[in-house]
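Participant: Structure incoming, see below.
Each reported figure results from applying straightforward, stated rules to the coordinates on display, with no laboratory input. Remember, it's a predicted structure, so these values are computed and weren't measured experimentally. All Cβ positions, even for glycine, are placed from backbone atoms using ideal geometry, and neighbour counts span all protein chains on display.
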Amino acid sequence: MNKPEKYLKSLPARQALLACIVVVLVWGTAASARQQIKIYVDGKVVEHKTLQRTLGAALREAGIVLGPQDVVRPGPATLVKKGMTARVVRGVRVHLTADGNTKEILTQPVTVAEVLKKAGISLGPKDRLNLPLREVVKNNTEIKITRVLEKIQSERFEVPVPLERRADPSMERGRMRLVRAGSPGEGERLVKVTYVDGKPSAREILRERVLRPAVSRIVAVGTLSTVYRGGAVLRFKNVMEMRATAYSAKAGRYTATGQTARYGVVAVDPQVIPLGTRLYVEGYGYATALDVGSAIKGDRIDVFFPSEADCRRWGRRTVRVYILE
């Protein structure tokens, strides 16, 4: 008997050979038992061979980690089969603004309606949404809810005082006299107010009624266009009460209109009395608006006198100024 035969017949040798055969058979069986699966994740395809029984374990083995809102289809408890295809759908972050607050929501790519339901937010009948309810959200989608509320409310209001003018032929034209002051009335109106995010944005008057009518203000308006002054008839277009002062100048001084300063020349505010207007000033006489002054504004007039003494005698006074025809 040669040496190899002798060796094979020994017990330890037979055991070692048997162990090698078992290892080869097990390895071959394991290799043939590996299942190849295809995983769609993060925009790419991963092909993976695994001995794991469930899909979830196979994903972990392939280094694919699922976040709290990530979903794998079919589910992670599904038994692995040869040729299986799996898809990993990642969760997305959505920014939701409503009622003055903005919060971030981690969710699946579901519809806007489902995001609102998950957040516990309901829409009122007039509320406005920046996206359609059926739109599927993506990462960093902005959802904004504008709250719109309509309220019907009653409110009181003041009825304005109407003005009634009455001609008075006994009073000079341009003059007015208060006959009755009048008083405002009171009314009630029903208003629809639209609030946008808590702030009023539109009002619509539905109806209104007068509770107490207003009393009109009555003013008598003078229509008299002629008066007697100094034995002569004055025909005028208007009459004004003005504050009158006096001024003088050296001989040869020229006015703003290029005329020589003389008695009968007055300085006025051209915005009130146009230059060149013929006037009759009570206590002074006939005059023409031919000059201006830096202090002569509004209802002020400055009459010319040839001497300072005359100016001092005139002083300051309120006079009627007739705008002649």
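Participant: Net charge within 15 Å of ARG189 by Cβ-Cβ distance, Lys/Arg positive one each and Asp/Glu negative one each, not counting ARG189 itself? Can you show the working numbers first?
Facilitator: Values: positive: LYS151, ARG156, LYS192, ARG203, ARG207, ARG209, ARG212; negative: GLU155, GLU158, GLU186, GLU188, GLU204, GLU208.
Here the charged neighbours net out to +1.
Participant: Still on this structure, I have one more. With 21 Å as the cut-off, how large is the P(r) tail for the range 228-325, expressed as percent of Cα-Cα pairs?
Facilitator: Values: 1231 of 4753 pairs.
The answer is 26 percent, as a whole percent.
Participant: Just name one of ILE273, GLY283, SER294: the one whose Cα is farthest towards the positive end of the charge dipole of the range 261-320 (beta-carbon charges, Lys/Arg +1, Asp/Glu -1).
Facilitator: Value: GLY283.
Participant: Excluding same-chain residues fewer than 8 positions from LYS81, which lysines have a Cα within less than 19 Å of its Cα?
Facilitator: Straight-distance partners of LYS81: LYS38, LYS49.
Participant: Take the range 151-218, compute every pairwise Cα distance, and split them into 5 Å bins from 0; I just need the percent in each bin.
Facilitator: 4, 15, 15, 14, 11, 10, 9, 8, 6, 5, 2, 1, 0
Participant: Follow-up. What FRET efficiency comes out for ARG262 versus ALA167 if R0 is 35 angstrom and r is the Cβ-Cβ distance? Round to the nearest 0.05. Each step should come with its number before you reach the end.
Facilitator: Values: r = 39 Å, r/R0 = 1.12.
The computed FRET efficiency comes out at 0.35.
Participant: Right, something else. Order 283-291, 76-84 from most to least packed using the mean count of other Cβ atoms within 10 Å. Present the calculation step by step, with values, prior to reporting the outcome.
Facilitator: On the way: 283-291: 18.8, 76-84: 13.1.
Ranked from most to least packed, the peptides come out as 283-291, 76-84.
Participant: Something else now. In deg cm²/dmol and to the nearest 500, what is the mean residue ellipticity at 222 nm of the chain if only DSSP H runs of at least 4 residues count, each as -39500 (n - 2.57), divided by the residue total? Spell out each step's value before the answer.
Facilitator: On the way: 5 runs with 52 residues, N = 325.
Taking each H run of at least 4 residues, the total per residue is -5000 deg cm²/dmol.
Participant: How many percent of DSSP beta bridges within the range 46-158 run antiparallel, rounded to 5?
Facilitator: If I count the DSSP bridges inside the range 46-158, around 80 percent turn out antiparallel.
Participant: For a label point 7 Å from the Cα of LYS103 along Cα→C-beta, name the residues of the range 35-77 whose backbone N is under 18 Å from it.
Facilitator: Within reach of a label on LYS103: 69.
Participant: At a Förster radius of 41 Å, what calculated FRET efficiency corresponds to the Cβ-Cβ distance of GLU308 and GLU186, to the nearest 0.05? Walk me through the intermediate numbers first.
Facilitator: On the way: r = 60 Å, r/R0 = 1.46.
Once the sixth-power term is evaluated, E becomes 0.10.
Participant: Based on DSSP, what percent of beta bridges with both residues in the chain are antiparallel, to the nearest 5? Let's see the in-between values first.
Facilitator: Details: 71 of 93 bridges.
Given both bridge residues lie in the chain, the antiparallel proportion sits at roughly 75 percent.
Participant: From the P(r) of the range 89-178, can you give the percent of Cα pairs sitting at distances over 18 Å? Working shown, then result.
Facilitator: Details: 2402 of 4005 pairs.
When every Cα pair of the range 89-178 is considered, 60 percent fall beyond 18 Å.
Participant: On full extension of the chain, what length is gained from ARG93 through ARG317, given 0.36 nm per residue of separation minus the C-alpha to C-alpha distance? Don't skip to the answer; put the middle values down first.
Facilitator: Working: separation 224, 0.36 × 224 = 80.64 nm, distance 8.22 nm.
Full extension of this stretch gives 72.4 nm more.
Participant: Could you give the distance between the Cα centres of the range 53-76 and the range 194-238, to the whole Å?
Facilitator: 82
Participant: Hey, what do the phi angles of the range 112-120 turn into as Karplus ³J(HN,Hα) couplings, whole Hz, using 6.51/-1.76/1.60 and θ = phi - 60°, x for Gly and Pro?
Facilitator: 4, 4, 5, 5, 5, 5, 5, 7, x
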